[in-house]
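Student: Before I ask anything, let me first share the structure, which is written out below as structure tokens.
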Amino acid sequence: MVIELTAPPMNEHDLEHLVSRVFFKSLDLLGGLHKLAEYRTLTWLPSLARASFVIVLREEYLKTEEEIAEIVGLTRNTVRNILRADPQMALYKIQHMDELTKEEKKQLRVHTAGGIAKLAYKMVKEGEEAQVLLEFCREMSAKAVQVCEAPWAYTVLKHSKGVKYPIKDPSELKEKLAGITIKGFPAEEVVEGLSYPIKNPAQLLHEIKEYLQMKGV
């Protein structure tokens, strides 16, 4: 019995949202804009953006090489090269960038972008968002809770700055929030009672709120 996969309808907003998340995660894997500037490879950014589109269109919407080439404005051969790129090999080359010549760095662009975008897509789908986006989310959440007069939430976000998401266990949070009380409970006790993994700052606040409600606060 052959099961045919049906691609979900392509929504422009959802497409761009996911592509942006993959693109920023790709930057994370490359060490951020500072590292790209250090290696004089900022010209990779357009390639990363196109590769992110290609991978999302293929993996999320099951588009063919021809369809992707038309949507993104690339040749079919370039699309094929991106789709065939080896994520682990791309990551290895990035980690050994110091050993590459200037010409080798130029030649890396398409294949490396494809491999990095593939890896970034997989990580985003598994809940590992780009740190730059999570930090932005944390900052926005902190401002929002200030307006809503939720001092414990603001304190948690302020002191948890720099925490790497997803948070898989309470150890790092306990260290960051040591000595803080949340609605009368020691923060260390509260974070022990949360459900993990926690994917982003918004979920962290939600889990704490659920814990407090369970405690009758």
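Every number in this text was worked out from the coordinates using simple rules, so none of it is lab data. The shown structure was predicted, so the numbers you read here are calculated from the model rather than taken from an experiment. Reconstructed Cβ throughout: ideal geometry from the backbone, glycine too, with neighbour counts over all protein chains shown.
Student: Order of 112, 75 from fewest to most other C-beta atoms within 10 Å?
Tutor: The fewest-first ordering by Cβ neighbours comes to 75, 112.
Student: Using 0.36 nm per residue of separation minus the Cα-Cα distance, give me the extension gain between residue 34 and residue 159 in nm, one decimal.
Tutor: Length difference between fully extended and current span is 42.5 nm.
Student: Distance in nm between label sites at residue 174 and residue 10, each 7 Å beyond Cα in the beta-carbon direction?
Tutor: Distance between label points: 4.9 nm.
Student: Which entries of 122/174; 174/215; 174/209; 93/199; 176/209; 35/118 show an alpha-carbon separation above 25 angstrom in the structure shown?
Tutor: Correct reply: 122/174; 93/199.
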